[in-house]
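Trainee: This is the structure I want to talk about, given as structure tokens.
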Amino acid sequence: MTRSISVRAGAWCVVMQPVLLTTTRLSLSVPTAADVEAMTGYCQDPDLTRYVPVPVPYTEDSARFFIEKLIPAGWASDNEYNWAIRAQNGEFAGMLGARRTAPDAASFDLGLWLGAPHRGRGYATEAALVVVAWLFDENVTSRLTWEAIVGNGASIQVARKLGFRFTGTRASAGEFRDGSHPPCWHAELDAADERGANADSWQALEPA
């Protein structure tokens, strides 16, 4: 983990530097201007916008603002880390993020999405596994949370594979794009958890 120390307005501040992570098939790095076109194209998909609170309509300006402003600010504040998920050929496949559940909170919420051409290959689980390992191994956090809008079976299947513990169905913690808090499936994972021990908790999952 790479953090630097700077002085802002007379106070010491921690500034997190972006971290490159790799798996057998993927690399995770910060997105760049070269990803704007692909990101914009993927975010036209109604199957994505149904479950992911990206702006609608999603334009190239939306992607540029996310890449150039929001992502650097998240890393610099040490409150939100975002990675582009890239296939072996470097192609942009989607996004994965870890955000503090509240400013300066100890726990992080994990979320991700993949562009339609890259789904069904196990990329989501593979990318999330390496991020979870980094967050826990580097003592960034000892607790992760996960939420998926009811009906988003693909997302919750990833949470199950990662060993998360199902904690119930309730309103989303964060606002959706229209300001609402839709019903969501919620799960959590502690660094000390034995991943297989949480499997039984999913028996309480209500069908969509």
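Trainee: How much length would be gained if the chain were fully extended between residue 88 and residue 34, taking 0.36 nm per residue of separation minus their Cα-Cα distance, in nm to one decimal?
Mentor: Numbers: separation 54, 0.36 × 54 = 19.44 nm, distance 1.64 nm.
That pair, residue 88 and residue 34, stretches by 17.8 nm at full extension.
Trainee: Taking the Cβ of residue 21 as the centre, find all other residues whose Cβ is under 12 Å away and add up their charges (Lys, Arg: +1; Asp, Glu: -1). Could the numbers behind the result be given before it?
Mentor: Working: positive: 86; negative: 126, 137, 138.
Around residue 21, the charge tally is -2.
Trainee: When a/c is below 1.5 the answer is rounded, else prolate if a/b is larger than b/c, else oblate, so apply that to the chain with a ≥ b ≥ c taken from the square roots of the Cα gyration tensor eigenvalues.
Mentor: Numbers: a/c = 1.38, a/b = 1.12, b/c = 1.23.
Rounded.
Trainee: Could I ask something else about it? State which stretch of the chain is the longest one without any exposed trypsin sites (Lys or Arg not before Pro), exposure meaning a DSSP loop state and at most 15 other Cβ atoms within 10 Å.
Mentor: Details: sites that count: 25, 50, 121, 177.
Result for the longest clean stretch: 51-120.
Trainee: Run the simple label-point estimate for residue 177 and residue 104 please: 7 Å along Cα→C-beta, distance reported in nm.
Mentor: Label-label distance for residue 177 and residue 104, simple model: 3.3 nm.
Trainee: Same structure again: Report the antiparallel proportion of the DSSP beta bridges in the chain as a percent, rounded to a multiple of 5. Please list the in-between numbers first.
Mentor: Details: 38 of 40 bridges.
Antiparallel bridges make up about 95 percent of those DSSP assigns within the chain.
Values in this text are rule-based calculations from the coordinates and carry no lab data. Bear in mind the structure is a predicted one, so any value in this text is a computation, not a measurement. Neighbour counts run over all protein chains shown; Cβ positions are idealised from the backbone, glycine included.
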